[in-house]
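In what follows, a structure is listed as structure tokens, so that the remarks can point back to it.
The values are calculated or read from the model by the stated rules, or taken from the named source; none is laboratory data. Since we're looking at a predicted model, the values are computed, not measured. Note that we place each Cβ from the backbone using ideal geometry, even for glycine, and neighbour counts take in every protein chain shown. The area values use the complete protein model at the heavy-atom level, side chains included, leaving out ligands, DNA and RNA. Shrake-Rupley method; radii C 1.70, N 1.55, O 1.52, S 1.80 Å.
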Amino acid sequence: MIRLTREPIDYFRLTEAVRRNACGAVVVFLGTVRDLTGNQITVALDYEAYPGMAEKKMTEIEADTRERWPVGDILLEHRLGHLEVGDISVAVAVSCPHRVQAFEACRHAIDRLKELVPIWKKENWADGRTEWVHPGA
Amino acid sequence: MNVLLFARARDLMGKDCVEISLPTNATVAELRRALGEAFPALRQLLAHSAIAVGEDYAKDDVIIPPNVDAAVVPPVSGG
């Protein structure tokens, strides 16, 4: 299942939701707001999405991950709006029968999400400037 | 047609959607050219952005069907 949300991500609920008796491994990835990029200090990030397309791409990533690994269940959740340092911006929880599969599946899902899903963050630097993050542009 | 704008593209234009006239069966490449001509402020970012048609990434040779939204998708930075 996938979800965009403006509420804090409840990673305990997410983790519990993917647990299966047939799965001996659960891997959870959390992306959190970091306070330092190079030598610039971040105080907050604003996340925005192209919601319809973001949900479509996240659903494709879920399907692709399920096709390639024996996934018991998988949840991808991304938070939007204003996030402070330390807040959780994204979570991926995956269960598989064995740990190698679960690690690989989780890695694949978060890597594809960062590459494909139309979500953008705006840096709020400590000096008051703001800046959209568009790698390579 | 309507072209949705996000992130820096929206900030550059000061609005979240622009309208552009294209001939029937125009391609994504033609949409890019028309956007650049009509909105010089978008040109630089446009060169680094993807175009989405009907909520999916569309390469330059894709023909844009009638009655779908297109979008400028600047390099993504979610996660």
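Conditions (1) among the β-branched types (Val, Ile, Thr); (2) open to solvent by 70 Å² or more (accessible area, probe 1.4 Å); (3) under 14 Å from the mean Cα position of the chain (by Cα), marked per residue:
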{"position": "A:3", "(1), (2), (3)": "no, yes, yes"}
{"position": "A:13", "(1), (2), (3)": "no, yes, no"}
{"position": "A:18", "(1), (2), (3)": "yes, no, no"}
{"position": "A:25", "(1), (2), (3)": "no, no, no"}
{"position": "A:37", "(1), (2), (3)": "yes, no, no"}
{"position": "A:48", "(1), (2), (3)": "no, no, yes"}
{"position": "A:62", "(1), (2), (3)": "no, no, yes"}
{"position": "A:69", "(1), (2), (3)": "no, no, no"}
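Of the numbered conditions (1) under 18 Å from residue A:119 (Cβ atoms); (2) small (Gly, Ala, Ser); (3) more than 14 Å from chain B (Cβ to nearest Cβ); (4) open to solvent by 10 Å² or more (accessible area, probe 1.4 Å), residue A:44 satisfies every one except a single condition; which is it?
In the conditions (1) under 18 Å from residue A:119 (Cβ atoms); (2) small (Gly, Ala, Ser); (3) more than 14 Å from chain B (Cβ to nearest Cβ); (4) open to solvent by 10 Å² or more (accessible area, probe 1.4 Å), residue A:44 misses (4) alone.
Taking residue B:31 as the residue in question, decide whether it is within 14 Å of chain A (Cβ to nearest Cβ), assigned to a helix (DSSP H, G or I) and open to solvent by less than 80 Å² (accessible area, probe 1.4 Å).
Values: within 14 Å of chain A (Cβ to nearest Cβ): no; assigned to a helix (DSSP H, G or I): yes; open to solvent by less than 80 Å² (accessible area, probe 1.4 Å): yes.
Against the criterion (within 14 Å of chain A (Cβ to nearest Cβ), assigned to a helix (DSSP H, G or I) and open to solvent by less than 80 Å² (accessible area, probe 1.4 Å)), residue B:31 does not qualify.
So residue B:37 ticks every box in (1) more than 21 Å from residue A:135 (Cα to Cα); (2) more than 10 Å from the chain's Cα centre (by Cα); (3) not in a helix (DSSP H, G or I) but one. Which box is left unticked?
Unmet for residue B:37, out of (1) more than 21 Å from residue A:135 (Cα to Cα); (2) more than 10 Å from the chain's Cα centre (by Cα); (3) not in a helix (DSSP H, G or I): (3).
Show me the strands (runs of 3 or more DSSP E) entirely contained within segment A:80-137 in which 2 or more residues are facing chain B (nearest Cβ under 9 Å) and either surrounded by 13 or more Cβ atoms within 10 Å (Cβ to Cβ) or touching a residue at least 12 places away in the same chain (Cβ under 8 Å) (or both). Talk me through it step by step, then tell me what you get.
Numbers: elements: A:81-84, A:88-96, A:119-125, A:130-132.
So the answer is A:88-96, A:119-125.
Tell me which of these residue B:61 doesn't satisfy, since it passes every other one: (1) within 14 Å of chain A (Cβ to nearest Cβ); (2) of a type outside the set (S, T, N, Q); (3) in contact with a helix residue (DSSP H, G or I) (Cβ under 9 Å, 6 or more places away or on another chain); (4) in contact (Cβ under 8 Å) with a residue 24 or more places away in the chain.
The failed condition is (1).
Restricting to segment B:1-28, and then to whatever is open to solvent by less than 40 Å² (accessible area, probe 1.4 Å) and touching a helix residue (DSSP H, G or I) at 6+ places or on another chain (Cβ under 7 Å), can you tell me which residue is modelled with the lowest pLDDT?
The residue in question is B:20.
For residue A:63, which of the numbered conditions (1) modelled with pLDDT under 95; (2) of a type in the set (A, V, I, L, M, F, W, C); (3) within 29 Å of residue B:51 (Cβ to Cβ) fails to hold?
Answer for residue A:63: the failing condition is (1).
Looking at this structure, is residue B:68 outside any loop (DSSP other than H, G, I, E, B) and more than 9 Å from chain A (Cβ to nearest Cβ)? Let's see the steps before the verdict.
Values: outside any loop (DSSP other than H, G, I, E, B): no; more than 9 Å from chain A (Cβ to nearest Cβ): yes.
Taking the combined requirement at face value, the residue does not satisfy it.
So, residue B:38, is that one at the interface with another protein chain (Cβ under 9 Å from one of its Cβ atoms), of a type outside the set (Val, Ile, Thr) and out of contact with any helix residue (DSSP H, G or I) (no Cβ under 9 Å at 6 or more places or on another chain) or not? Full working, then the answer.
Working: at the interface with another protein chain (Cβ under 9 Å from one of its Cβ atoms): no; of a type outside the set (Val, Ile, Thr): yes; out of contact with any helix residue (DSSP H, G or I) (no Cβ under 9 Å at 6 or more places or on another chain): yes.
In short, no.
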